Amino acid sequence: MDIPRIFNITESAHRIHNPITPEKLATLGAALRLEAGERVLDLGSGSGEMLCTWARDHGIVGTGIDMSRLFTAHAKRRAAELGVADQLSFIHGDAAGHVADEKADVAACVGATWIGGGVAGTIALLARSLRPGGIILIGEPYWRQLPPTEEVAKGCLAGSISDFLTLPKLLASFGRLGYDVVEMVLADQDGWDRYEAAKWLTMRRWLEANADDELANEVRAQLRSEPERYAAYTREYLGWGVFALMPRAE
């Protein structure tokens, strides 16, 4: 079990596998008013930066599950580096369908809502691991501005314009699912730069060391095309945010 190898290559130097910066990740932790001993479940935990830094800064405990062997190994090393390995457990596995044995104060899926078949399914999945009064975190793209054509949407690596909503409509959609939006932290273009542009040096260094690898041509093609594609499309049209939700009281 693993994610496609191309992602393990292009994001192998990333600590955060989405457009949020370390500063905004810290802002999110503070905004949630996390307290020592609170339990956080992170489905699709990547290299573990959210759990590790929140364990260090707020004293939380938690579990992260991710399909990437590489990223899970990175998460364990990061926990040891920050001195929080005794507070956290990182599991290599499929987060789809995972329900925690112990209810969480915060149940998160930050940028991997495919595990539940989309936003609604992922929220329903996370709710099964949430204690009463707990918070769900969803990380999801949205349109900063609607693409004028389907071709532009595909340039943002979306299947179509209908794949994502504008920010107001995304927020409204949470309400229709029966949740109050109680916080949000949005990525900005600098965050997108750090997520996307950091891949380019990683790809270049990887190619220098793996010129004969079976994926070398694919990586080389991405390195040559991605800067222009990203600047023309994703950077201008696509937003991304983490949204904190609580079930509405009856």
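The table that follows gives values for the structure above.
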| quantity | calculated |
| --- | --- |
| Orientation-averaged projected area, Cα convex hull of region 107-156 (nm²) | 4.2 |
| Amide H partners (placed H, <5 Å) of residue 47, local residues excluded | 17 |
| 12 Å Cα-Cα reach of residue 199 towards aspartates and glutamates, excluding residues that sit fewer than 8 places from it in its own chain | 11, 226 |
| Loop-located GluC sites (Glu not before Pro) in region 144-222, at most 11 other Cβ atoms within 10 Å (DSSP) | 214 |
| Accessible surface of residue 9 - all protein chains present, 1.4 Å probe, nearest 10 Å² | 10 |
| Inter-centroid distance (Cα atoms) of region 96-140 relative to region 47-64, Å | 17 |
| Relative contact order (percent, whole number), the chain, Cα cutoff 8 Å, 6+ residue spacing | 22 |
| Loop-located GluC sites (Glu not before Pro) in region 1-91, at most 16 other Cβ atoms within 10 Å (DSSP) | 35 |
| FRET efficiency estimate (nearest 0.05) - Cβ-Cβ, residue 163 to residue 6, R0 22 angstrom | 0.60 |
| Formal net charge of residues neighbouring residue 43 (Cβ-Cβ distance under 12 Å; K, R +1; D, E -1) | -2 |
| Sparsely packed trypsin sites (Lys or Arg not before Pro) within region 155-223, loop by DSSP, other Cβ within 10 Å at most 16 | none |
| Solvent-accessible area of residue 229 with every protein chain in place, 1.4 Å probe, in Å² to the nearest 10 | 40 |
| Global geometry of region 183-250, whether rounded, prolate or oblate, following the gyration tensor of its Cα atoms and the 1.5 cut on a/c | prolate |
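The values are calculated or read from the model by the stated rules, or taken from the named source; none is laboratory data. Only a predicted model underlies this, so the values are computations on that prediction, with no experimental measurement involved. Cβ sites come from the backbone with ideal geometry, for glycine too, and all protein chains shown count toward neighbours. For the accessible areas, the whole protein counts, side chains as well, though only heavy atoms, and no ligand, DNA or RNA atoms are used. Shrake-Rupley method; radii C 1.70, N 1.55, O 1.52, S 1.80 Å.
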